[in-house]
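Chemist: Got a structure for you, written out below as structure tokens; questions coming shortly.
The values are calculated or read from the model by the stated rules, or taken from the named source; none is laboratory data. Here the structure is a predicted model, which is why all the values come from computation and not from measurement. Because the Cβ atoms are built from the backbone with ideal geometry, glycine has one as well, and the counts that use them run over all protein chains shown.
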Amino acid sequence: MQEARILHCEDVAIYRQTIADFLPMYTTRHRIVSGAGDLKTTFDELASVQRHESDVNVLLLDGELTDGSARDVVQRVKKLGIFVLIIGLSGSAKGLGGQGLEVGKDLVADIPKHEFDLKDFVRLLDDLPEPRAIAA
């Protein structure tokens, strides 16, 4: 991927902020453009992507938001028909697979939080294809 413009959906604000602060140390091509800690804010951000008001092309998605789940977000992406790649980043031992989400179908990757490394994340972003529609 040439340039990842990331919406980070994570209910723990300090975790969102840490990634946003440290990502520029590893890359200038990929950046966090927005963050959301709850389902309503995430849905609002996705609606702005659909209206072409936001240029997000990657979702970095926690398994649980304060008022919903990753599954809710993936279903909304499909319903809106927007072009984003979704990377799961979950604290659960089962990852987002525990919600019935699959790498290759719903997600391009599912990273356990305890294994998250920014250098590896940048390499993953570099290797991603440009987004295309996710089949409903």
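Chemist: What do you reckon, is Gly81 surrounded by 21 or more Cβ atoms within 10 Å (Cβ to Cβ) and modelled with pLDDT under 95?
Modeler: Judged against the criteria, Gly81 is not a match.
Chemist: Right, another one. Identify, from the list Asp67, Asp120, the residue that is free of Cβ contacts under 8 Å to residues at least 12 places away in the same chain and of a type outside the set (Gly, Ala, Ser).
Modeler: Only one candidate qualifies: Asp120.
Okay, residues lined up against (1) assigned to a helix (DSSP H, G or I); (2) touching a Cys at 6+ places or on another chain (Cβ under 9 Å); (3) under 17 Å from Leu128 (Cα atoms):
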position	(1), (2), (3)
Leu7	no, no, yes
Tyr15	yes, no, no
Ala20	yes, no, no
Val33	no, no, no
Thr41	yes, yes, no
Glu53	no, no, no
Ala93	no, no, no
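Chemist: Let me ask another. Give me the pairs: first residue in region 75-92 and charged (D, E, K, R), second residue buried (at least 22 other Cβ atoms within 10 Å of the Cβ), beta-carbon distance under 8 Å, and six or more apart or on different chains, which are they?
Modeler: Arg76/Thr42; Arg76/Leu46
Chemist: Still on this structure, I have one more. Consider Asp11 carefully, then state whether it is touching a residue at least 40 places away in the same chain (Cβ under 8 Å) and either surrounded by fewer than 16 Cβ atoms within 10 Å (Cβ to Cβ) or within 15 Å of the chain's Cα centre (by Cα) (or both).
Modeler: For Asp11, the condition - touching a residue at least 40 places away in the same chain (Cβ under 8 Å) and either surrounded by fewer than 16 Cβ atoms within 10 Å (Cβ to Cβ) or within 15 Å of the chain's Cα centre (by Cα) (or both) - is met.
Chemist: What single numbered condition from (1) of a type in the set (S, T, N, Q); (2) touching a Gly at 6+ places or on another chain (Cβ under 6 Å); (3) closer than 15 Å to Ile32 by Cα fails to hold for Ser92?
Modeler: For Ser92, the failing item is (3).
Chemist: Do the conditions hold for Val74, that is, is it closer than 18 Å to Pro129 by Cα and under 14 Å from the mean Cα position of the chain (by Cα)?
Modeler: In short, no.
Chemist: Kindly evaluate Arg71 against the criterion of being among the charged types (D, E, K, R), modelled with pLDDT under 95 and in a helix (DSSP H, G or I).
Modeler: Considered against the rule, which asks whether it is among the charged types (D, E, K, R), modelled with pLDDT under 95 and in a helix (DSSP H, G or I), Arg71 comes out as yes.
A quick yes/no check of all residues on (1) touching a His at 6+ places or on another chain (Cβ under 9 Å); (2) surrounded by 15 or more Cβ atoms within 10 Å (Cβ to Cβ); (3) in a loop (DSSP other than H, G, I, E, B):
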residue	(1), (2), (3)
Gly97	no, yes, no
Leu101	no, yes, yes
Lys105	no, no, yes
Ile111	no, yes, no
Phe121	yes, yes, no
Leu125	yes, yes, no
Glu130	no, no, yes
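Chemist: Looking at Thr42, Thr27, which one is surrounded by 16 or more Cβ atoms within 10 Å (Cβ to Cβ), among the hydroxyl-bearing types (Ser, Thr, Tyr) and in contact (Cβ under 8 Å) with a residue 40 or more places away in the chain?
Modeler: Thr27
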